[in-house]
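Following: one structure in structure tokens, then a few remarks.
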Amino acid sequence: MDLITKIKTLAKDQSAKILAMRHHLHSQPELSFQEFETSKYVAETLRSFGLQPQTGIANTGLVALIEGRNPSAKVIALRADMDALPIVEANDVPYKSKNPGVMHACGHDVHTSSLLGTANILYQLRHEFEGTVKLIFQPGEEKAPGGAS
């Protein structure tokens, strides 16, 4: 089986788990640079895959490396933002925000869960690609100055 087919198969197999991660993150939103529980959840999830995240970057940020064959050949970075906005959630869904006045209204719950799913897939396939993938889980993207500014 070629690498693309393996990635697609793993993604399909993990889609329910990734959706559950997204629902968890959506229900537990945290404001910029206050992503303490989010950071803890991301770190624990990465460790469960076999990765060793570096925590405490900009206080609540994390990075992790996935080294393939010949790790120094090249490095690419994948980034997800983790913070939420000070918005009252009006949606009536089972995974609605449990933090009053805070909501993932900008998709960062999707970004974070997608990068976690990607991390799991790439870690499983690390012997099939060259180089290193640096995973960056960014805090405070919504807050200026900081974040993406």
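Scanning the stretch 82-118 for residues that are of a type in the set (Asp, Glu) and within 18 Å of Lys40 (Cβ to Cβ) gives Asp83, Asp109. For the stretch 4-61, the set of residues classified as within 14 Å of the chain's Cα centre (by Cα) and among the hydroxyl-bearing types (Ser, Thr, Tyr) consists of Thr38, Ser39, Tyr41, Thr45, Ser48, Thr55, Thr60, listed by residue number. Tally up the residues in the stretch 89-146 that are of a type in the set (A, V, I, L, M, F, W, C) and under 27 Å from Lys8 (Cβ atoms), please. Residues that pass the stated criteria total 12. How many residues are part of a loop (DSSP other than H, G, I, E, B), within 17 Å of the chain's Cα centre (by Cα) and under 16 Å from Lys143 (Cβ atoms) when one looks only at the stretch 70-117? Result for the stretch 70-117: 6. A single member of Arg69, Arg126, Arg79 is among the charged types (D, E, K, R), at negative phi and loosely packed, with under 14 Cβ neighbours inside 10 Å, and it is Arg69.
If I ask for residues that are among the aliphatic types (A, V, I, L, M) and exposed (fewer than 12 other Cβ atoms within 10 Å of the Cβ), which ones from the stretch 3-16 would you list?
Of the stretch 3-16, the ones among the aliphatic types (A, V, I, L, M) are 3-4, 7, 10-11, 16.
Once the filter is applied, which keeps residues that are among the aliphatic types (A, V, I, L, M) and exposed (fewer than 12 other Cβ atoms within 10 Å of the Cβ), the stretch 3-16 yields Leu3, Ile4, Ala16.
Applying the selection to the stretch 17-59, what residues are in a helix (DSSP H, G or I), without any contact (Cβ under 8 Å) to a residue 60 or more places away in the chain and surrounded by fewer than 19 Cβ atoms within 10 Å (Cβ to Cβ)? Give the derivation first.
Residues of the stretch 17-59 that are in a helix (DSSP H, G or I), as a first pass: 17-27, 36-49.
Adding the requirement that they be without any contact (Cβ under 8 Å) to a residue 60 or more places away in the chain leaves 20, 36-37, 40-41, 43-44, 47-48.
Of everything in the stretch 17-59, those that are in a helix (DSSP H, G or I), without any contact (Cβ under 8 Å) to a residue 60 or more places away in the chain and surrounded by fewer than 19 Cβ atoms within 10 Å (Cβ to Cβ) turn out to be Ala20, Phe36, Glu37, Lys40, Tyr41, Glu44, Arg47, Ser48.
A count restricted to the stretch 68-107 and to residues that are in contact (Cβ under 8 Å) with a residue 60 or more places away in the chain, of a type outside the set (Phe, Trp, Tyr) and over 20 Å from Val133 (Cα atoms) stands at 9.
All of the numbers you see were taken from the coordinates with simple rules; none came from a lab. Bear in mind the structure is a predicted one, so any value in this text is a computation, not a measurement. Ideal geometry is used to build each Cβ from the backbone, glycine not excepted, and the neighbour counts take in all protein chains shown.
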